[in-house]
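The values are calculated or read from the model by the stated rules, or taken from the named source; none is laboratory data. In this text, all values refer to a predicted model and were calculated from it rather than measured experimentally. Note: ideal-geometry Cβ built from the backbone for every residue, glycine included; neighbour counts use all protein chains shown.
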Amino acid sequence: MTLAEILHPSCALFLDFDGTMVDIAPHPDAVHVPEPLLAVLQEVKDYLQGAVAVISGRPIAQIDEYLRPLVLSVAGVHGAERRGGDGTLHLLDTHPLDHVVEAACALASRHPGLLVENKRGSIALHYRQRPELEALCLATMQQAVDESRGLALMRGKMVAEAKPGGASKGHAIEDFLAEPPFAGRTPVFIGDDVTDEAGFSTVQRLGGVGIKVGEGESVARRRLASPATLRQELEAALAARSTRTA
Ligand SMILES: O=P(O)(O)OC[C@H]1O[C@H](O[C@H]2O[C@H](CO)[C@@H](O)[C@H](O)[C@H]2O)[C@H](O)[C@@H](O)[C@@H]1O
C-alpha cells in the first residue's frame, strides 16, 4: 500500500525528523534539509487542514530552525515539550539531571569523539564517532539514570538519552489527537528509530497506520525505504490528490 492510498484528507500526519524526513548525518548539527521538503510539507499541511506535526527527540526550537520559514505543530525532546495546533506550549515536569550530566561529561572528557547534548529535561550522549564505546556509554548512562529520580534511559541511533520518565512519543501523539485540528482524524505516524516504536503502537492501537523508515525490527505494519522515498511518496500522494479532485 502506498502513502497515496493511506493519506486521505481525514488523516492526521505525525512525522519523526532525523532518519525520517532527513538523512542521518555524522553530527547532530550536520543534517541537511532538502529545499523541496519544505514545499511538500506545506502542501501536505494544507491538504490535511493543518493536521501535521513533527514528533522528535530534538527540542522544538531546533525543529523550527531546520524547517524555517515553515511553522508546524511539534512535540520535542520525545514529548517533554509540545506546541499544539493553536501555538500553545505544553511543558512536562522535568527532573534534576546533574548526576547524568556529570557522568556523561566525565566519560566524554576521557574519550574524545563522544558528544554530550544538553536539552531541556534531557541529556543525550552520542557515540557515533566512537561506536566501539557503545557498551560503556550505555552502561554509564544507565547507572546514572538508575541513581537519579524520575528519569528513563532511551536508546536511539548511536545515542543514549536520559529523559523524563513520563515523556513518550506515543503520549505526545495522543495529546495532539485530543485537540484541533488533529481530533477525530486517523493518525499516521512515520518514524525510523527505536524511540518511534511507542508512536507506532499508539497510532495502530487507535486504528491508524505506523510506518517504519529503513530496516530493523519494528511493530510498525508498513515500511518505507528511506527519507528520500518518504519525500517521493508524499509528492505522489499530493499528485494523487490533484487527480482525485480534478
Ligand atoms: O526523534 P528524532 O527527530 O529522530 O531525533 C532523534 C535524535 O536525533 C539527533 O541525533 C540523531 O541524528 C543525528 C543527525 O543525523 C546523528 O548524528 C545522531 O547519531 C543521531 O542519534 C539529535 O541529536 C537527538 O537530540 C535526537 O534525540
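Below, the figures for the structure above:
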| item | result |
| --- | --- |
| Residue within segment 23-38 that is in contact with a Pro (Cβ under 7 Å, 6 or more places away or on another chain), farther than 20 Å from M154 by Cα and outside the structural domain of E132 (by TED's automatic domain parsing) present | yes |
| Residues located in segment 155-194, provided they are hydroxyl-bearing (S, T, Y) and surrounded by 21 or more Cβ atoms within 10 Å (Cβ to Cβ) | S168 |
| Yes/no for V52 being buried (at least 18 other Cβ atoms within 10 Å of the Cβ), under 16 Å from E235 (Cβ atoms) and within 17 Å of the chain's Cα centre (by Cα) | yes |
| Segment 54-78 residues that are on the phi < 0 side of the Ramachandran plot, paired with ones that are part of a loop (DSSP other than H, G, I, E, B) and modelled with pLDDT under 95 (beta carbon under 8 Å, 6 or more apart) | P59/R120 |
| Filtered residues of segment 1-41 (kept if over 21 Å from D196 (Cβ atoms) and away from the ligand (no atom under 15 Å from the Cβ)) | A4, E5, H8, P9, S10, E35, P36, L38, A39 |
| Residue pairs meeting the criteria (Cβ under 7 Å; at least 6 apart or on separate chains; first farther than 13 Å from S122 by Cα and touching a residue at least 60 places away in the same chain (Cβ under 8 Å), in segment 152-163; second surrounded by fewer than 23 Cβ atoms within 10 Å (Cβ to Cβ) and not aliphatic (A, V, I, L, M)) | K157/G19 |
| Criterion (in a loop (DSSP other than H, G, I, E, B) and in contact with a helix residue (DSSP H, G or I) (Cβ under 8 Å, 6 or more places away or on another chain)) met by exactly one of V219, V203 | V219 |
| Subset of segment 42-96 that is basic (K, R) and either in a strand (DSSP E or B) or within 13 Å of the ligand (Cβ to nearest atom) (or both) - its residue that is farthest from A124 (Cα to Cα) | R83 |
| In segment 102-131, the residues that are away from the ligand (no atom under 15 Å from the Cβ) and part of a helix (DSSP H, G or I) | E102, A103, C105, A106, L107, S109, R110 |
| Which listed residue, of D98, D46, is under 20 Å from L13 (Cβ atoms) and acidic (D, E) | D46 |
